[in-house]
Amino acid sequence: MRAGFRLTGGHVLAALLGFFTLILAANASFLYFAVKSYPGENEKKSYRQGLHYNDALKARTEQDALGWSAAIESIGRDGAAVTIVVAFAGRNGAPLGGLELVGALERPASDEGAQEIAFAPDGAGLYTAVVSAGPGAWDLRVTASSSGNERFQFANRVILP
């Protein structure tokens, strides 16, 4: 201790108040950045989806029984336009034509830039969509329907150039 310095109750009170003020300021900044950066639910109505999980399993079993397969054939960029080509094949590997495809392109971590996309048949089981999307990671979700009310869904994470 320094000569002439005397620790009083006021010093202790000031030190405690300063310490807890610093802790509160740190917690407030963490809270602010957590709330500001959290985009919300990942899945809408996730509780209700959980209640209907058996329905989702049944739909997956029906989809597997179709024997269809889907793959992203190619992705290319020409300026701001991105061309996505998806290939569909039947149980025996033959190309599936005559399907109606609708899809969605979404960012994995936010709703920014999310868009519905329409695919046009391009022959030999190929379906093409042209979208305007920035580079980076995107989730592509596609639903294919046939005239016989058969539905096939697939999702894939793609990295756009």
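The values are calculated or read from the model by the stated rules, or taken from the named source; none is laboratory data. Keep in mind it's a predicted model, so treat the numbers as computed, not measured. All Cβ positions, even for glycine, are placed from backbone atoms using ideal geometry, and neighbour counts span all protein chains on display.
Structure summary
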item	result
Out of A133, A144, A155, A124, sole residue that is over 16 Å from G103 (Cβ atoms), small (G, A, S) and out of contact with any Ser or Thr (no Cβ under 8 Å at 6 or more places or on another chain)	A124
Looking only at the range 148-158, and only at residues there that are touching a residue at least 24 places away in the same chain (Cβ under 8 Å) and part of a strand (DSSP E or B), the one that is surrounded by the most Cβ atoms within 10 Å (Cβ to Cβ)	F152
Filter result for G10 (at positive phi, at pLDDT below 95 and out of contact with any strand residue (DSSP E or B) (no Cβ under 9 Å at 6 or more places or on another chain))	no
